[in-house]
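The values are calculated or read from the model by the stated rules, or taken from the named source; none is laboratory data. The structure presented is a predicted model; accordingly, all values stated were derived computationally and were not measured. These area figures cover heavy atoms from the full protein model, side chains too; ligands, DNA and RNA do not enter into them. Shrake-Rupley method; radii C 1.70, N 1.55, O 1.52, S 1.80 Å.
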Amino acid sequence: MSLGPDRSIETIRTALAMGADNGIHIQDADFAAKADPYATASALAAAIKGVADVKAIWCGKQAIDDDAAQVPSILGEMLGFPVITMVVKFEAAGDKAIVTREIEGGQAVIEVPLPAIFSAQKGLNEPGMHHYPAL
C-alpha cells in the first residue's frame, strides 16, 4: 500500500514482482498539498481497516520530505497494533514475530504478537540478501 502520486505505482509494481500478494495505491491531489504525519496515518489506517487478515504492516524508517518518523507510531495508535521501530532483523513465528531493533549502543531482541507495525532500518530489505518466511 502506498499513499502518494503516480510515481508510487512503480514501487507497488516492484513489490508485486518481488512476491507481494497485492498492491493498493491511495492518491488524492488535495492530500498532497496538506499532508502531515497525522493525515498520512489517518488515510493509511482507513485503507488498512478495509483489508482482511492483516498480519504485519511495514513502514519506512522516516519520510524523506519532513524527516518526521512519526507515521508508524500514529498508525499503530489508530489501529491498536503494537509498533516496533528501527527493525534490522525479522522472523515470523506463527502468531508472533521476533525482531531485532537498533537501540543506542547496540541491539534489542523483541517478541511481539501479530498483527503489528514495523519500521525498517536501512538495509533490512536488500533484495536477494535475506529470505523471510511468509506470514
Checklist entry - Quick one: how many Å² of GLU111 are accessible to a 1.4 Å probe, rounded to 10? => result 120
Checklist entry - Tell me, what is the 1.4 Å probe accessible area of LYS55, in Å² to the nearest 10? => result 80
Checklist entry - So who's got an amide H within less than 5 Å of the one on THR85, skipping anything under 5 residues away but keeping other chains? H placed 1.01 Å off N, in plane. => result SER119
Item to check | Contact order relative to length of the range 1-106, as percent, for alpha carbon pairs under 8 angstrom and 6 or more apart | outcome: 18
Item to check | Cut-off under 5 Å, modelled amide H: who pairs with LEU114 long-range | outcome: LYS96, ALA97
Item to check | Solvent accessible area, Å² - GLU77, 1.4 Å probe, full protein context | outcome: 150
